[in-house]
Amino acid sequence: MISTIGLGVLLLVTIFLLAEHAVDINGVMGGNEQMRTIALPATGGQVPLPNPAVYQDEVTPPLTRSMQIAIPAGSQIDVKVKMEGGKVILYTWQADKGAVYVDYYGQDPALGNDFWVRYEELQEGSSSSGSLTAPFAGEHGWYWLNYNEFDVTITLTVSGYFDDIVNYGLSFY
């Protein structure tokens with residue numbers, strides 16, 4: 001009985017009373033967090049963002065283009081979006097049936113075919129959606145390989161700030 005009373009007093013002092021005063025000696029209940037105050041500069045005007053790339057003021061509205069890309073069985077195709085460095089696109093693509101190999105990558109044609117950057121590679125994909133802020137000016141797009149024994153049609157939609165979408169055509173592997 002004395003140990004039960006002692007345990008009760010210990011819990012009362014170490015947890016409940018300290019918690020009422022926002023003291024957490026164990027670090028498990030929370031309450032010791034402090035809010036960080038940020039002092040804004042007294043500029044009398046707008047406060048600049050720490051990273052100016054998070055905001056882009058464009059003269060023209062964003063473009064939206066959709067296209068159907070037919071890929072016969074045993075074929076491959078390259079479709080690329082031409083864009084300036086720092087510009088943003090949103091994209092989505094969907095295969096009408098089956099799965100395809102896809103390599104989402106970018107390259108600067110001025111540097112030749114040896115310079116490219118892979119953004120995403122799917123061994124078997126039927127759709128993907130996302131965004132890209134172009135790390136450099138050039139062509140950013142998709143290489144699709146239809147390894148199926150049937151034709152596949154990809155529906156691609158791109159929105160954002162880009163110059164053009166180029167379909168480099170089919171080739172057979």
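The values are calculated or read from the model by the stated rules, or taken from the named source; none is laboratory data. Remember, it's a predicted structure, so these values are computed and weren't measured experimentally. Note that we place each Cβ from the backbone using ideal geometry, even for glycine, and neighbour counts take in every protein chain shown. Calculation scope for accessible area: heavy atoms of the full protein, side chains included, ligands and nucleic acids excluded. Shrake-Rupley method; radii C 1.70, N 1.55, O 1.52, S 1.80 Å.
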- request: For region 121-173, run through the GluC sites (Glu not before Pro) and keep only the ones in DSSP coil with at most 13 other Cβ atoms within 10 Å of their Cβ.
  value: Glu149
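Whenever you get a sec, compute what percent of the accessible area on region 64-109 sits on carbon and sulfur atoms (1.4 Å probe). Walk me through the intermediate numbers first.
Values: 910 of 1800 Å².
For region 64-109, the apolar C and S fraction of the accessible surface comes to 51 percent.
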field: Local net charge near Val59, Cβ-Cβ under 15 Å (Lys/Arg +1, Asp/Glu -1)
entry: -3
- line: For Val59, placing the label point 7 angstrom along Cα-to-beta-carbon and taking region 142-173, residues whose amide nitrogen sits under 16 Å are 161-163
message: Just to confirm the filter: which chymotrypsin sites (Phe, Trp or Tyr not before Pro) across region 134-171 are DSSP coil and have at most 14 other Cβ within 10 angstrom of their Cβ?
response: Phe150
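Using the Cα gyration tensor of region 100-147, with a ≥ b ≥ c the square roots of its eigenvalues, what is the shape: rounded (a/c below 1.5), prolate (a/b larger than b/c) or oblate (neither)? Write down the numbers at each step before the final one.
On the way: a/c = 3.03, a/b = 1.60, b/c = 1.89.
The shape class here is oblate.
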- prompt: So how far apart, in nm, are the two label points at Ile5 and Ser129 if each is 7 Å from Cα heading toward Cβ?
  reply: 6.6
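Per the Cauchy relation, a quarter of the hull surface: what is the mean projected area of the convex hull of the alpha carbons in region 56-173, in nm²?
Values: hull surface 28.1 nm².
Its average projected convex-hull area is 7.0 nm².
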